[in-house]
Each structure stands twice: as C-alpha cells, then as structure tokens.
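The values are calculated or read from the model by the stated rules, or taken from the named source; none is laboratory data. Everything numeric in this text was worked out from a predicted model, so none of it was measured. Because the Cβ atoms are built from the backbone with ideal geometry, glycine has one as well, and the counts that use them run over all protein chains shown.
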Amino acid sequence: MHRRALRLACRIGLASVLAPLSLALVQCGQAPNPTTLAANSQANVQANTQIVAKTSTQVASGDTFEDRFPAPQFKERFPTASESFLQRQMSDFSPKRAVQTPATASYKVASLEPQVPYQRPQRDDLTTLVSMKSSAFPYFGNNPASDAPFLNISKGDRRGHRSYSGRVLWQDETYNDSRVLVHVPEHFDVRKPGVIVVFFHGNGATLERDVRDRQLVPQQISESGANAVLLAPQMAVDAADSSAGKFWQPGGLKRFMAESSEHLARLYGDPNSARAFANMPIVVVGYSGGFLPTAWSLEVGGISDRVRGVVLLDAVYGELDKFASWIESHRSGFFVSSYTHYTARRDRELMSMLRQKGISVSEDMDGPLRPGSVVFVETGDGIRHRDYVTRAWTQNPLKDVLVKMSATPSLALTRVAASPSSSSSR
C-alpha cells in the first residue's frame, strides 16, 4: 500500500512538470495569445523593477557610468608629435600655381593606371574684349607727322582731331576706346611653338561688327589650325582715319605686347603662361588704313626682332621707307603684300626699292613661305577692297598665310624666344 502511494505521488509530480511543456509545444507555429502577451509584459515589468533595484545597489557600490566610460584624457585628445599626423601650415591650403608640364611628362593619379600622359583640358574658342592701357587710344601725345598735338581742336570741354580730309573727329567719340579683341582658339597649346597675330584694322571699323563678324579674323585663325592667338586693338572708331595713337610712340608695341601677355595668360587659364606669351614671336597684319600703325610699330615699336612676319592687305598707302628698312634688316622673317589697283603704284615702288637693295621679290603666293620670303601679289578687278580680308588672292587670305607659315619648319618663327636677339629686343 505504501509502495502504491509512493508510485502515485511520482506520477503526479511528473505530470506537473510535463504539462506546461506540452502546452508550449502545442502552441508552436500559432499566433501569440494577447492574454499571454499581457501576462508576459507584466512579468517583464516586475523583472525590470528587480534589475533596476539591483543596478542601484551596484551604483552605490561604485560601478558608475563614468567608471565604465571614463572621459578621454588630454594626452588622448591631443597626441604627441610622434603619434600625430603630419602637421599642416595655412600655406599648405592656399591655391597652388599651376606648374608647366613638358609635353612628354606624366603625373600620378589614384587609378589602376598610375602613370598617364598629360592631357590639356578641353575648352572652346575664347574671344573677348579687354581694355588695355597700352592700346592705341586714348592718346594725348603729338602727331609725329607734324610734331603738333594730336588733339588739335577744342570746343568747350571737348577735344578733337582735324583729319587730313578736314573733318573734325572728337576724342570722346572716336579716340576713346581702349579695348582689344583677344582670341585664343580651342586647339591652342602654350607648351608648343606658337605665334601672336597683331591685327590693325582699316578705316571705318569696329572690333565686333567688322573684325570679328565681317572680316572673320578670329575664325580664320582658328580654321588655319596654326598654334596662334589674336590681338586686335581698336583704332579710330568707325572713322575714316588711320592714326596710330600710342603705336606712334617709341616702345609702343613693346608695352602693348608686355601688357597683353598677362591678359592672354588669364584667358588661357594658366597664369604661369604669361612668360611664354611675353616671348612668343609676332606676325603683324595691317589691312587698308592699318598700314600706319604697322609701319610705326616696325620702326619704333621696340621689339622688331620678335616680329617674324608682316602681312599687308591692300595697305601700302605710304611709309615705304619703314617697310623697306624692316625687310632689309630682318631677313629671317617674311613679308607679304597683296594689293588691288588702289595701291598698285605704291606696291610696285616698294618692289623696286627692294630690288635695288638686292632683295629677291616673288610675285605669287603659290610657293611656301621661307625665311626671307618677300611676296607681292596683285589681285584681279573682281576683288573689292572692302572684302579684302576675306577675299584677296584666295578666300580667307589670313588663314592661307598661317597655313603656309605653319607648313614651313625652316621658317623658324617659333624659335625666337630662345634666340639671343630676342632677349635684347624685349
């Protein structure tokens, strides 16, 4: 009997242990019962209350937040020099000047190919107007032809110049524009041999309406493919006048080219290129009335040795002695004069002067331009003087000259910066 009671008690105890477990197994995979969740939640609150009480006991015993997460010490926030990164100065963060890189050089980049050849950033043609102090006007000096003040007429506060035709041209309307048309083609590379074209426009012209849009001078330079840039100073504004202004003065062209080098470098996008522009050879182009500033720039400009070519487009109206003198003393450059019947007499006179000096003269543009080339080419009756910059012996004659110049390595136009004579002429 005793044994039977003991056996029954064991069964009851085992059932009390297995009943909750069997209930949990039966509920596996079913949605939780809300009542059960509520009960569990109450149990958790009671458990948390017990934990907080226990934690309070621990805090009292010295296990604080500060003990477990101590504040950083000075030496940890400011490590010693041996433990720190390299210290930088404020100058390390200032803009760095671009360093001119040789054409064959390379630089390192963070890429799979650490060595890559230098490539000039792509850009468009850049054409703009820049005001320059050394440009032709305003001009308050003398007229060298008469040694009298250029501004020889006054009316109240206004001053003006009486031209050879007798017409008065006022300073504030005609001789007050100091702007220069500057053009840098997209393909121009200052690291390569280059040339600066200085263009003196004719009478009755403005830089935008005529030089840029009608005569297409910037476009011709770009389309030639030559490594050339353009400077075209505004002469007398839209007037029948050929006055040279500051280009009459000794050193006038030299000052103009020195100032323009900074503007060209800024437009090109590399301030360090100013030195290259300051030594670059020059080709002077004079159209029509532009003969006068061309002649005086060759005679007294101060850097005639940097002038490696002269192009006159129906422009030999006078100053023959100045042109002949430059041709005779600069046999490494070239001279081209194209003319209509308007200037034929003067061109033939200049040819005669040169032949008397023993200088060979060619009368066509079919051959290449070489050092010492002197070319006179007459154009036919159908060619108009007004259209001469875009149509002379060929369409776009300035482009043709630059193409012929670039195709003749022996011309050595681009080696003037390294020659001894260039340093003495600056």
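For the range 236-264, a residue qualifies if it is touching a Pro at 6+ places or on another chain (Cβ under 7 Å) and part of a loop (DSSP other than H, G, I, E, B), and exactly one does: Ala244. Counting only residues that are among the hydrophobic types (A, V, I, L, M, F, W, C) and surrounded by fewer than 24 Cβ atoms within 10 Å (Cβ to Cβ), the range 243-271 holds 4 of them.
Total residues in the range 272-308 satisfying the condition of being crowded, with 22+ Cβ neighbours inside 10 Å and at positive phi: the figure is 1. I'd like the residue in the range 230-242 that is out of contact with any helix residue (DSSP H, G or I) (no Cβ under 6 Å at 6 or more places or on another chain) and crowded, with 24+ Cβ neighbours inside 10 Å and, out of all such residues, is nearest to Pro144 (Cα to Cα). Once the filter is applied, the top-ranked residue is Met235.
Residues that are in a loop (DSSP other than H, G, I, E, B) and touching a strand residue (DSSP E or B) at 6+ places or on another chain (Cβ under 6 Å): does the range 335-348 have at least one? No - not one qualifying residue is present in the range 335-348. Scanning the range 320-377 for residues that are surrounded by fewer than 14 Cβ atoms within 10 Å (Cβ to Cβ) and touching a Gly at 6+ places or on another chain (Cβ under 6 Å) yields one hit, Arg331. Contact map, the range 273-293: residues that are assigned to a strand (DSSP E or B) paired with residues that are among the hydroxyl-bearing types (Ser, Thr, Tyr), Cβ distance under 8 Å, separation 6+ or inter-chain. Pairs shown: Val284/Thr294; Val284/Ser297; Val285/Thr294; Gly286/Thr294; Tyr287/Tyr388.
Are any of the residues in the range 394-407 at pLDDT 95 or above, assigned to a loop (DSSP other than H, G, I, E, B) and either in the same structural domain as Gly290 (by TED's automatic domain parsing) or polar (S, T, N, Q) (or both)? Within the range 394-407, one or more residues are at pLDDT 95 or above, assigned to a loop (DSSP other than H, G, I, E, B) and either in the same structural domain as Gly290 (by TED's automatic domain parsing) or polar (S, T, N, Q) (or both).
Restricting attention to the range 347-359, does a residue exist that is in the same structural domain as Ala295 (by TED's automatic domain parsing) and touching a residue at least 40 places away in the same chain (Cβ under 8 Å)? Checked the range 347-359: no residue is in the same structural domain as Ala295 (by TED's automatic domain parsing) and touching a residue at least 40 places away in the same chain (Cβ under 8 Å). Taking the numbered list (1) assigned by TED's automatic domain parsing to the domain that holds Val284; (2) surrounded by fewer than 19 Cβ atoms within 10 Å (Cβ to Cβ); (3) not basic (Lys, Arg) in turn, Asn152 passes all entries but (1).
Is it true that some residue in the range 169-185 is in contact (Cβ under 8 Å) with a residue 40 or more places away in the chain, among the hydroxyl-bearing types (Ser, Thr, Tyr), out of contact with any Leu (no Cβ under 9 Å at 6 or more places or on another chain) and in a loop (DSSP other than H, G, I, E, B)? The answer is yes, given that some residue of the range 169-185 is in contact (Cβ under 8 Å) with a residue 40 or more places away in the chain, among the hydroxyl-bearing types (Ser, Thr, Tyr), out of contact with any Leu (no Cβ under 9 Å at 6 or more places or on another chain) and in a loop (DSSP other than H, G, I, E, B).
Criterion applied to Ser325, Ser297, Ser332 was being outside any helix (DSSP H, G or I) and more than 26 Å from the chain's Cα centre (by Cα), and the one residue passing it is Ser332.
Assess whether Val190 counts as being assigned to a helix (DSSP H, G or I) and in contact (Cβ under 8 Å) with a residue 12 or more places away in the chain. So Val190 does not fit the description; no. Being within 30 Å of Ala258 (Cα to Cα) and either modelled with pLDDT of 85 or more or under 30 Å from the mean Cα position of the chain (by Cα) (or both) is a property that Leu413 has.
Listed by first and then second residue, the pairs linking a residue in the range 325-341 that is assigned by TED's automatic domain parsing to the domain that holds Thr379 to a residue that is part of a helix (DSSP H, G or I) and of a type in the set (A, V, I, L, M, F, W, C), with Cβ atoms under 6 Å apart and 6 or more places separating them unless they lie on different chains, are Trp326/Leu298; Phe335/Ile327.
Of everything in the range 165-185 that's assigned by TED's automatic domain parsing to the domain that holds Phe291 and of a type in the set (A, V, I, L, M, F, W, C), which residue is farthest from Met405 (Cα to Cα)? So the residue we want is Val180. From the list Phe200, Phe188, which one is in the same structural domain as Asp400 (by TED's automatic domain parsing), modelled with pLDDT of 95 or more, under 18 Å from Thr294 (Cα atoms) and buried (at least 21 other Cβ atoms within 10 Å of the Cβ)? Matching residue, one of Phe200, Phe188: Phe200.
Residue-level check: of (1) within 30 Å of the chain's Cα centre (by Cα); (2) in a loop (DSSP other than H, G, I, E, B); (3) closer than 18 Å to Leu398 by Cβ, Asp305 misses just (3).
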